[in-house]
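J.: Right, I'll just put the structure down here and ask away after.
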Amino acid sequence: MFSFPKLGIKRDVLNFFLVGVGGQGTILASNVLAELGLKLGYDVKKAEIHGMSQRGGSVISHVRWGEQVFSPIIAKGEADFLIAFEKLEGLRFLDQIRPDGVFLVNDYQIVPVTVSSGNAIYPSDQDIRESTHEITSNNYWVDCRSIAEELGNVKVANVVLLGALCGLMEAELETWFPIIASKVPQKSVEINRLAFQRGVDAI
Amino acid sequence: MRRLLSGNEAVARGAWEAGCSVASGYPGTPSTEIMETFALYPNVYAEWAPNEKVGLDAAIGAAYAGKRSLCTMKHVGLNVAADAFFYVAMTGIEAGLVIVSADDPSMHSSQNEQDNRQFAKFARIPCLDPADSQEARDFTIAAYDLSEQFDTPVLLRMTTRVCHTSTAVEVFEQQATVPDQKKYPRNPLKYVMIPANARRRHPVIEARIADISEFAETFIHNRVEYRGKDLGIITGGVAYQYAREVFPDASILKLGMVYPLPKKMITEFAKNVKNLIVLEELDPFIEDQVRAMGVKLYQPAGKAEQSYPLTKSIFPIFGELNPAIVRQFANEAGLYAAEIDFETAPISLELPARPPSLCPGCPHRSSFYVLSKLKIPVNGDIGCYTLGVAPPLSAIDTCGCMGASIGVAHGAAIAGDPERHVAVVGDSTFFHSGIPALINVAYNQSNVITIIMDNRVTGMTGHQENPGTGKTLQNEATISLDIEQLVKACGIEKVLTVEAFEVDLIEKTLRTWMKEEGPAVMITREPCALLPEQRKRYIPLEVTDQCNGCTVCFRIGCPAISKSEILDPKYNRPLAIINASLCTGCEICAQVCPRDAILFKSQVLAKSN
């Protein structure tokens, strides 16, 4: 049984729904979560769709932890954590989240080609906030991109967001971080550690 | 030892553990990682073949030669390999042969969602259908034993959700002994399918499938899980997971082998449950077989019975399932009473779509820009360049399957279509099945202009080596096929190789060729912008104050260039802006800009010095 009293979560199976845009490190983050679940002794399923992701499309990943997990896919309205690496993608998949599930978003926008070509409008922050508040009061916005820029490598923004998730779940950095360290190049372990810590602190 | 493996990695693992030592296949989502993973194991030979049929012949040849072998492909690849698939079903093998078909329900990256379990029934061979990575590993090993026990190839049918879901797998740390090389069989009665021999083989394979059906009754991966007796579910593949998720109290007959079925097991199960349903993705494949056994399935009250030719009941025949869909349709059939809210929370905002598009720096973009400008019919093909269909380029008019571009363009030409047709095909797709079609164009001298977009790699599936790249799957140096020489050898006299970013040359050449008679081939050559060597060369371009918002550069459909918030004072139009974190410096925008308002790389560098 998973219990996060501060977040109002009590579940037999914990559902993480990750969304982002190709190239943001969404897949790496979901790999970390899946291996973490296995390390913690749970049955784990991690489902994602490859194929079009490198060409600027949405990237989706489902990660589930539990004593026994069956479906690889999280049903609509059953995600405990919606972890969005980009705001529009977070908004697009808002219906995945449980009422009062956690919406954790990187406060960063990547303009899709439909917007840059002038055929559509990117929603305003106010619209995004209002929509998310209709679904849940557990909203967490972290400016991962700026933190990563401060640290000198925009690529670690995904690890900042993972750090924020770790902070929300009140988990131990020393349980989580070794898995991240094993998945990044040796020379960038230290900057990833800083990024992760900054994410934890952001909550 | 327990490891987290994707279904694809688990198939590779199972094949290796089973002592498979030869593998051939062609990349295709969602199957590609099986071969990529297998190639890394010790004591194995693994290769990319030019197409699935060639790959399957190779795997068959290895199995005839006494080595356990593997052939992998996506579902539509089995259409290409079907000729080989059917003869090997007739001949059988000397050592185990497993053919993997990775089906794509919901068509995440495919042109159709054909259900390849049907192929097993068509060819009279057994089909295994795993539900997670552990089963993917276990079933692969079981498939080799089954293959040798019954002298038959085995179809291992995967689906996207199983291929690309990672679950914990118990693995064995050792490879089974690979047998020593045996003397090659001299057994023409079995292996030479002339009509006289084939007539003798047909009854053999019919008897074989009956024997396997009997074997299925005790096959360990077919099992009954009795829980409550009110509802019984017959299921296989990933649908099993949804059955367990949605109906925790139901009894389940889990079929690891979905063809042929264990008739006694099914009839026995039917007797022991009150209401019996079949839960499966796509075709009513199990359902039709169960009905053909005379077993009665649950009929929802007040609903018309499903009838020929639409025989699937309760669950949809389209798309992949998920727990929400299963609940919804089970609820409509009166099988799921719990209160559910099918109306998911609506988002009142209209959200901009994020369709995939040609990457910034994609070498295919220049040709599509020119084709879009020339407004001529373009017959497209399967690969990244199919994205040339998207606006604003909107430069593809047909696309059906691998290699179809050239043949379909030829068809228009011989039908007397007054417009000149251009066929567009990538390097790997040209090697796959474009070559015979180009020979047809040359042989029958049709007015087809073919553009071979040679980006030096198999792009869409994630950068696999191919006969043009100079490397094999196992990273050995090899030949690099010379496309221009090959095209000439096919009998095409008018051939030109250009650098893919030469927009003016491409336009000028096409305009000239359109006025001339006879076949012509242009090879546009430039490595994919995502290759590591290319990434090192990125130099983002800049827009100068010469820009007046004329919009020509927006027509190339590059994600790196967009309308800024600054308006031109004279025309009140948004000026162009280049996103430096996306721009690679391919210079297509700089070439098409009528006001020279975009700096070329040399100008950017000169400026920064």
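J.: For the condition under 30 Å from B:Arg555 (Cα atoms), surrounded by fewer than 18 Cβ atoms within 10 Å (Cβ to Cβ), at pLDDT 95 or above and among the small types (Gly, Ala, Ser), what is the one hit in B:Gly462, B:Gly400, B:Gly434?
T.: Details: B:Gly462 fails: at pLDDT 95 or above; B:Gly434 fails: surrounded by fewer than 18 Cβ atoms within 10 Å (Cβ to Cβ).
None of the other options fit; the residue is B:Gly400.
J.: Ok, one more. Can you pull out every residue in the stretch A:54-85 that is touching a helix residue (DSSP H, G or I) at 6+ places or on another chain (Cβ under 6 Å), within 22 Å of B:Val162 (Cβ to Cβ), among the aliphatic types (A, V, I, L, M) and more than 7 Å from every other protein chain (Cβ to nearest Cβ)?
T.: Across the stretch A:54-85, the qualifying residues are A:Val59, A:Val63, A:Ala79.
J.: Restricting the search to the stretch B:405-430, which residues are open to solvent by less than 20 Å² (accessible area, probe 1.4 Å) and under 24 Å from B:Ala49 (Cβ atoms)?
T.: Within the stretch B:405-430, B:Ser405, B:Ile406, B:Ala423, B:Val424, B:Val425, B:Gly426, B:Asp427, B:Ser428, B:Thr429, B:Phe430 meet the criteria.
J.: Is it the case that B:Ile396 is under 26 Å from B:Ile561 (Cα atoms) and among the aliphatic types (A, V, I, L, M)? Give the derivation first.
T.: Values: under 26 Å from B:Ile561 (Cα atoms): yes; among the aliphatic types (A, V, I, L, M): yes.
Here the answer is yes, as B:Ile396 does meet what is asked.
J.: Given the stretch A:86-157, what helices (runs of 4 or more DSSP H) lie entirely inside it while holding 1 or more residues that are within 16 Å of the chain's Cα centre (by Cα), within 24 Å of B:Ala580 (Cβ to Cβ) and more than 12 Å from chain B (Cβ to nearest Cβ)? Step through it out loud before you land on a result.
T.: Numbers: elements: A:87-92, A:113-116, A:125-135, A:144-151.
Helices (runs of 4 or more DSSP H) meeting the threshold: A:144-151.
J.: Can you tell which of B:Val11, B:Val44, B:Val54 is in contact with a Phe, Trp or Tyr (Cβ under 9 Å, 6 or more places away or on another chain), open to solvent by less than 10 Å² (accessible area, probe 1.4 Å) and closer than 24 Å to B:His463 by Cα?
T.: On the way: B:Val44 fails: open to solvent by less than 10 Å² (accessible area, probe 1.4 Å); B:Val54 fails: open to solvent by less than 10 Å² (accessible area, probe 1.4 Å).
Of the residues listed, the single one that is in contact with a Phe, Trp or Tyr (Cβ under 9 Å, 6 or more places away or on another chain), open to solvent by less than 10 Å² (accessible area, probe 1.4 Å) and closer than 24 Å to B:His463 by Cα is B:Val11.
J.: Suppose the filter is open to solvent by 30 Å² or more (accessible area, probe 1.4 Å), on the phi > 0 side of the Ramachandran plot and either out of contact with any Lys or Arg (no Cβ under 8 Å at 6 or more places or on another chain) or modelled with pLDDT of 95 or more (or both); does B:Ser372 pass it?
T.: No, not satisfied.
J.: Then there is this: Of the residues B:Ala338, B:Ala330, B:Ala292, which single one is open to solvent by less than 20 Å² (accessible area, probe 1.4 Å) and more than 30 Å from A:Pro112 (Cα to Cα)?
T.: Working: B:Ala338 fails: open to solvent by less than 20 Å² (accessible area, probe 1.4 Å); B:Ala292 fails: open to solvent by less than 20 Å² (accessible area, probe 1.4 Å).
Testing whether each residue is open to solvent by less than 20 Å² (accessible area, probe 1.4 Å) and more than 30 Å from A:Pro112 (Cα to Cα) leaves just B:Ala330.
J.: Does the stretch B:128-165 hold any residues that are of a type outside the set (A, V, I, L, M), part of a helix (DSSP H, G or I) and buried (at least 24 other Cβ atoms within 10 Å of the Cβ), and which are they?
T.: Step one: list which residues in the stretch B:128-165 are of a type outside the set (A, V, I, L, M), which gives B:129-130, B:132-135, B:137-140, B:144-145, B:147-153, B:157, B:159-161, B:163-165.
Now drop any that are not part of a helix (DSSP H, G or I), which leaves B:133-135, B:137-140, B:144-145, B:147-150, B:160-161, B:163.
Matches in the stretch B:128-165: B:Ser133, B:Glu135, B:Arg137, B:Phe139, B:Thr140, B:Tyr144, B:Ser147, B:Thr160, B:Arg161, B:Cys163.
J.: With B:Asp230, B:Asp211 as the choices, which residue is open to solvent by 50 Å² or more (accessible area, probe 1.4 Å) and assigned to a strand (DSSP E or B)?
T.: Values: B:Asp211 fails: assigned to a strand (DSSP E or B).
Of B:Asp230, B:Asp211, the one residue that is open to solvent by 50 Å² or more (accessible area, probe 1.4 Å) and assigned to a strand (DSSP E or B) is B:Asp230.
J.: Which residues, taken from the stretch A:10-47, are hydrophobic (A, V, I, L, M, F, W, C), more than 11 Å from chain B (Cβ to nearest Cβ) and open to solvent by 10 Å² or more (accessible area, probe 1.4 Å)?
T.: Correct list: A:Leu28, A:Leu40.
J.: Next up: Across the stretch B:333-352, which residue is nearest to A:Ile97 (Cα to Cα) among those that are modelled with pLDDT of 90 or more and facing chain A (nearest Cβ under 9 Å)?
T.: B:Leu351
J.: Another question, if that's okay. Considering B:Ala196, B:Ala168, which residue is open to solvent by 10 Å² or more (accessible area, probe 1.4 Å) and more than 32 Å from the chain's Cα centre (by Cα)? Quick ask: steps written out before the conclusion?
T.: Working: B:Ala168 fails: more than 32 Å from the chain's Cα centre (by Cα).
Exactly one residue qualifies, and that residue is B:Ala196.
J.: In the stretch B:527-551, how many are at positive phi and charged (D, E, K, R)? Break it down stepwise before answering.
T.: If we filter the stretch B:527-551 for residues that are at positive phi, which is where we start, we get B:549, B:551.
Those still in the list that are charged (D, E, K, R) too: none.
The total comes to 0.
J.: Residues of the stretch A:48-85 being among the polar types (S, T, N, Q), over 16 Å from the mean Cα position of the chain (by Cα), surrounded by 21 or more Cβ atoms within 10 Å (Cβ to Cβ) and at pLDDT below 95, which ones? Break it down stepwise before answering.
T.: Quick first cut of the stretch A:48-85, residues among the polar types (S, T, N, Q) only: A:53-54, A:58, A:61, A:68, A:71.
Narrowing the set further to residues that are over 16 Å from the mean Cα position of the chain (by Cα) leaves A:53-54, A:68, A:71.
With the extra rule that they be surrounded by 21 or more Cβ atoms within 10 Å (Cβ to Cβ), the set shrinks to A:53, A:71.
Residue satisfying the conditions is A:Ser53 alone.
J.: Let me ask something else about it. Got a sec? Which helices (runs of 4 or more DSSP H) wholly within the stretch B:235-332 have at least 2 residues that are at pLDDT below 95?
T.: B:323-332
J.: Take the residues in the stretch B:536-579 that are assigned to a loop (DSSP other than H, G, I, E, B), among the hydroxyl-bearing types (Ser, Thr, Tyr) and within 14 Å of another protein chain (Cβ to nearest Cβ); name whichever of them is surrounded by the most Cβ atoms within 10 Å (Cβ to Cβ).
T.: Taking the stretch B:536-579 first, the residues assigned to a loop (DSSP other than H, G, I, E, B) are B:536-542, B:544-551, B:557-560, B:568-573, B:579.
Narrowing the set further to residues that are among the hydroxyl-bearing types (Ser, Thr, Tyr) leaves B:538, B:544, B:551, B:571.
From the residues that got through so far, the ones that are within 14 Å of another protein chain (Cβ to nearest Cβ) too are B:538, B:551.
On the way: B:Tyr538: 17, B:Thr551: 14.
Within the stretch B:536-579, the match that is surrounded by the most Cβ atoms within 10 Å (Cβ to Cβ) is B:Tyr538.
J.: Mind telling me which of the residues B:Ser106, B:Ser101 ends up being touching a helix residue (DSSP H, G or I) at 6+ places or on another chain (Cβ under 8 Å), surrounded by fewer than 22 Cβ atoms within 10 Å (Cβ to Cβ) and closer than 25 Å to B:Leu5 by Cβ?
T.: Working: B:Ser101 fails: surrounded by fewer than 22 Cβ atoms within 10 Å (Cβ to Cβ).
Just a single option satisfies the conditions, and that option is B:Ser106.
J.: Scanning the stretch B:375-397 for residues that are more than 11 Å from B:Val425 (Cα to Cα) and outside any loop (DSSP other than H, G, I, E, B), which turns out most open to solvent (accessible area, probe 1.4 Å)? Step through it out loud before you land on a result.
T.: If we filter the stretch B:375-397 for residues that are more than 11 Å from B:Val425 (Cα to Cα), which is where we start, we get B:375-377, B:387-397.
Filter again for outside any loop (DSSP other than H, G, I, E, B), leaving B:387-389.
Values: B:Leu387: 22, B:Gly388: 0, B:Val389: 78 Å².
Among residues in the stretch B:375-397 that are more than 11 Å from B:Val425 (Cα to Cα) and outside any loop (DSSP other than H, G, I, E, B), the one most open to solvent (accessible area, probe 1.4 Å) is B:Val389.
J.: To continue, here is another question. Do we have any residue at all in the stretch B:30-39 that's in contact with a His (Cβ under 7 Å, 6 or more places away or on another chain), within 27 Å of B:Thr469 (Cα to Cα) and open to solvent by 10 Å² or more (accessible area, probe 1.4 Å)?
T.: No, the stretch B:30-39 contains no residue that is in contact with a His (Cβ under 7 Å, 6 or more places away or on another chain), within 27 Å of B:Thr469 (Cα to Cα) and open to solvent by 10 Å² or more (accessible area, probe 1.4 Å).
J.: Test A:Glu170 against the criterion of being modelled with pLDDT under 95, within 14 Å of chain B (Cβ to nearest Cβ) and surrounded by fewer than 19 Cβ atoms within 10 Å (Cβ to Cβ), and give yes or no.
T.: Details: modelled with pLDDT under 95: yes; within 14 Å of chain B (Cβ to nearest Cβ): no; surrounded by fewer than 19 Cβ atoms within 10 Å (Cβ to Cβ): yes.
Against the criterion (modelled with pLDDT under 95, within 14 Å of chain B (Cβ to nearest Cβ) and surrounded by fewer than 19 Cβ atoms within 10 Å (Cβ to Cβ)), A:Glu170 does not qualify.
J.: Please specify each residue of the stretch B:171-188 satisfying the condition of being of a type outside the set (Lys, Arg) and either at pLDDT 95 or above or buried (at least 24 other Cβ atoms within 10 Å of the Cβ) (or both). Please lay out each step first, then the result.
T.: Residues of the stretch B:171-188 of a type outside the set (Lys, Arg): B:171-181, B:184-185, B:187-188.
B:Tyr184, B:Pro185, B:Asn187, B:Pro188 - these are the residues of the stretch B:171-188 that are of a type outside the set (Lys, Arg) and either at pLDDT 95 or above or buried (at least 24 other Cβ atoms within 10 Å of the Cβ) (or both).
The values are calculated or read from the model by the stated rules, or taken from the named source; none is laboratory data. The model shown is predicted, which means the values in this text are computed figures rather than measured ones. A quick note on method: Cβ atoms are made from the backbone with ideal geometry, for glycine too, and the neighbour counts reach across all protein chains shown. These accessible areas exclude ligands, DNA and RNA; they are computed on the full protein's heavy atoms, side chains included. Shrake-Rupley method; radii C 1.70, N 1.55, O 1.52, S 1.80 Å.
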